[in-house]
Amino acid sequence: MSERLDAPREGVPPVVETRAALVRAVDRLAAGRGPFAVDSERASGYRYSQRAYLIQVRREGSGTHLVDPTALDSLDLLAEVLREDEWVLHAATQDLPCLRDAGLEPVRLFDTELAGRLLGRPRVGLATMIAEEFGLELAKEHSAADWSVRPLPSDWLTYAALDVELLIELRERLAVELESQGKSDWALQEFEAVLTASPPPVPGEPWRRTSRITDVATLRGLAVVRELWEARDAVARARDIAPGRVLPDRVIVSVAARRPLPEELPPLKELRRHAPQAWSEAYARALALPDTDLPDRRGPGRGGLPDPRQWPRVNARAAARLTVVRSAVRSTAESLGLPQENLLSPAAQRTLAWDLQEPDASRAREILRQAGARPWQVALVVPAVIEALSRPTVAGGEHAR
């Protein structure tokens with residue numbers, strides 16, 4: 001049974017809220033040694049923005065520092081000292097955007113969650129990994145808290161400090177295991193890919209991701225969803241409130257799904273909060289739209305490849321290749337103790353199946369490189385896929401090409 005980790009070794013430090021306190025923290029970090037354990041706390045589900053409301057940094061010989069970026073005009077001093085060495089983060093893709101927005105940029109990183117995936121760990125949450133490695137229970141009850149509140153409660157600060165308490169030690173243990181499994185170079189390539197990845201593209205027509213939008217059967221109803229969603233987004237952005245707290249998706253859909261649509265909004269209590277005039281105006285706009293301006297049921301094409309469910313109809317050979325590619329990647333991943341998606345992303349698997357019309361290794365390597373696969377992935381996947389595609393298929397004795 002795990003022992004509960006209730007407090008940091010050096011106690012919970014005071015929050016860095018002034019320039020003078022930041023100077024002292026940076027001096028201590030500079031006097032420390034080795035990599036920096038870094039984490040951040042956001043207010044997802046409460047605020048529209050994804051900014052960091054608390055930043056935790058720990059370094060051997062320096063202790064832990066809790067920095068409030070909302071109280072400081074600049075984190076330039078912290079950014080400078082953090083460039084001295086590697087950052088250790090857990091699930092780096094979640095924290096890097098808000099840390100970068102705060103002006104903090106790593107020179108290199110070690111992602112303990114990603115390392116766990118490469119090592120074939122079935123569960124890679126931080127609390128689970130800490131329990132397995134150290135026999136300690138890491139409290140997670142404040143992970144979904146509203147970190148924008150001030151002052152921050154003392155038990156929240158304890159939780160935040162504990163998030164970086166053992167990250168460096170965890171990194172060292174995982175590094176040894178990666179080396180013993182011959183996966184250190186894989187990890188370095190993966191960490192570099194995380195570090196240099198471009199921000200994900202903003203999806204077109206994001207209102208189409210409204211929960212249960214499929215309950216809306218008419219095009220006029222879809223127009224209501226679109227107008228209410230866009231009005232809500234504007235209000236949420238202006239007030240820095242999470243959109244779902246301004247107007248829940250379920251309310252938008254319930255209004256839009258009515259048949260026929262009445263001339264007025266229903267007297268729902270959620271529609272009387274925040275910006276009732278904005279909802280009324282958005283609803284009126286949707287009702288007034290000419291039929292030619294109503295949204296399509298499916299929406300514009302998303303570019304890139306068709307939905308794989310359509311491949312048997314539009315490109316049967318590519319559909320057959322996709323089955324073979326997925327099977328080859330899955331078998332190879334299982335033999336290496338890896339999740340399939342970490343050996344090769346589903347998007348790269350689809351691209352390979354669509355573009356590789358003949359079992360040509362050189363062409364396969366080029367396709368995967370252009371799809372963003374790392375060298376270690378290319379080296380492992382291409383031989384397996386080419387060998388699989390070169391076998392006669394069960395149906396008709398023809399190659400899947």
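So the values come out like this:
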| item | result |
| --- | --- |
| Qualifying residue in the stretch 36-46 (condition: over 27 Å from Leu343 (Cα atoms), over 27 Å from the mean Cα position of the chain (by Cα), small (Gly, Ala, Ser) and in the same structural domain as Glu169 (by TED's automatic domain parsing)) | no |
| Scope the stretch 196-216; condition loosely packed, with under 13 Cβ neighbours inside 10 Å and aliphatic (A, V, I, L, M); matching residues | Ala197, Val202 |
| Matching entry among Asp95, Asp85, Asp27 (being acidic (Asp, Glu), surrounded by 16 or more Cβ atoms within 10 Å (Cβ to Cβ) and outside any loop (DSSP other than H, G, I, E, B)) | Asp95 |
| Yes/no for Arg150 being surrounded by fewer than 14 Cβ atoms within 10 Å (Cβ to Cβ) and among the charged types (D, E, K, R) | yes |
| Failed criterion for Thr158 (all others in (1) farther than 20 Å from Arg58 by Cβ; (2) part of a helix (DSSP H, G or I); (3) among the β-branched types (Val, Ile, Thr) hold) | (1) |
| Residue in the stretch 17-25 that is within 16 Å of Leu167 (Cβ to Cβ) and either at pLDDT 95 or above or assigned by TED's automatic domain parsing to the domain that holds Leu162 (or both) present | no |
| Where a residue in the stretch 329-345 is under 14 Å from Gln181 (Cβ atoms) and its partner, wherever it lies, is of a type in the set (Lys, Arg) and part of a helix (DSSP H, G or I), with Cβ under 6 Å and at least six apart | Asn342/Arg117 |
| Enumeration of residues in the stretch 346-372 that are more than 14 Å from Val385 (Cα to Cα) and either in contact (Cβ under 8 Å) with a residue 24 or more places away in the chain or of a type in the set (Ser, Thr, Tyr) (or both) | Ala347, Ala371, Gly372 |
| Residue satisfying condition, being assigned to a loop (DSSP other than H, G, I, E, B), out of contact with any Cys (no Cβ under 7 Å at 6 or more places or on another chain) and not charged (D, E, K, R), within set Ile252, Ile241 | Ile241 |
| Tally, over the stretch 381-397, of residues that are more than 12 Å from Glu358 (Cα to Cα) and either touching a Leu at 6+ places or on another chain (Cβ under 8 Å) or modelled with pLDDT under 75 (or both) | 7 |
| All positions within the stretch 346-385 that are touching a Ser or Thr at 6+ places or on another chain (Cβ under 9 Å) and not in a helix (DSSP H, G or I) | Pro359, Ala371, Gly372, Ala373 |
| Members of the stretch 277-313 found to be outside any loop (DSSP other than H, G, I, E, B), exposed (fewer than 11 other Cβ atoms within 10 Å of the Cβ) and over 28 Å from the mean Cα position of the chain (by Cα), listed by number | Gln277, Ala288, Asp291, Thr292, Asp293, Arg313 |
| Those residues of the stretch 44-65 which are out of contact with any Cys (no Cβ under 8 Å at 6 or more places or on another chain) and surrounded by fewer than 22 Cβ atoms within 10 Å (Cβ to Cβ), in sequence order | Ser44, Gly45, Tyr46, Arg47, Tyr48, Ser49, Glu60, Gly61, Ser62, Gly63 |
| Yes/no for Leu78 being out of contact with any Pro (no Cβ under 8 Å at 6 or more places or on another chain), within 26 Å of Gln189 (Cα to Cα) and in contact (Cβ under 8 Å) with a residue 24 or more places away in the chain | no |
| Some residue of the stretch 345-354 being over 15 Å from Ala373 (Cα atoms) and in the same structural domain as Val385 (by TED's automatic domain parsing) | yes |
| Single residue of the stretch 109-118 satisfying the filter (in contact with a Lys or Arg (Cβ under 7 Å, 6 or more places away or on another chain) and among the hydrophobic types (A, V, I, L, M, F, W, C)) that is farthest from Phe191 (Cα to Cα) | Leu118 |
| Matching entry among Glu105, Glu132, Glu113, Glu137 (being in contact (Cβ under 8 Å) with a residue 12 or more places away in the chain, part of a helix (DSSP H, G or I) and of a type in the set (Asp, Glu)) | Glu113 |
| Residue under evaluation Ala7, criteria (1) out of contact with any Lys or Arg (no Cβ under 9 Å at 6 or more places or on another chain); (2) part of a loop (DSSP other than H, G, I, E, B); (3) at pLDDT 95 or above, criterion not met | (3) |
| Scope the stretch 37-62; condition not small (Gly, Ala, Ser) and not in a strand (DSSP E or B); matching residues | Arg42, Tyr46, Arg47, Tyr48, Gln50, Arg51, Tyr53 |
| Any hit, the stretch 187-206, residues being of a type in the set (Ser, Thr, Tyr), farther than 30 Å from Phe110 by Cβ and not in a loop (DSSP other than H, G, I, E, B) | no |
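The values are calculated or read from the model by the stated rules, or taken from the named source; none is laboratory data. Values in this document were obtained by computation on a predicted structure and should not be read as measured data. Neighbour counts run over all protein chains shown; Cβ positions are idealised from the backbone, glycine included.
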